[in-house]
Amino acid sequence: MDKKLIEELKEKLEEQKIALQKELESFAKEDPKIKHNWDTKYPNREDGDKDEEADEVQEYDNKLSLEYSLELKLKDVTMALEKITAGTYGVCENCGKKIDEKRLLACPEAKTCLKCNEKK
């Protein structure tokens, strides 16, 4: 893969990483003890309004699902950036073949080639 394309993909990945971190920071905080883990902030209600408390607990539950999804995406993006640094970027984790450039342009954090991805 040519260096210009790798730099373009690296820039895309870095932008994604920043955007994902900002989105997570809006409702969660990074766990300093566990790598790639974020903790959704639990509502801190003390006024005793049961309806509002129920709504906030439901919102918290919804944010947990979003947090998990964003965490996984951020982890994949971070790992792709690490692979670029290590010189192993663009290689399928399953079969070891090169991942098609079109796939990487569409999904720069891809870990597998299209053929292996379809097998999942």
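The values are calculated or read from the model by the stated rules, or taken from the named source; none is laboratory data. Note that this is a predicted model, so its numbers are computed, not measured. Counting neighbours? That spans all protein chains shown, and the Cβs are built from the backbone with ideal geometry, glycine included.
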Candidate set: region 11-43, residues that are closer than 27 Å to ALA106 by Cβ and small (Gly, Ala, Ser); chosen: the one modelled with the highest pLDDT: ALA19
Residue list for region 75-105, filter: under 16 Å from ASP2 (Cα atoms), among the β-branched types (Val, Ile, Thr) and part of a helix (DSSP H, G or I): ILE84, THR85
Qualifying residues in region 106-120 (those that are part of a loop (DSSP other than H, G, I, E, B) and modelled with pLDDT of 95 or more) - the one nearest to GLU30 (Cα to Cα): GLU109
Residue within region 81-101 that is surrounded by 18 or more Cβ atoms within 10 Å (Cβ to Cβ) and under 15 Å from the mean Cα position of the chain (by Cα) present: yes
Some residue of region 45-60 being within 27 Å of PRO108 (Cα to Cα) and modelled with pLDDT of 75 or more: no
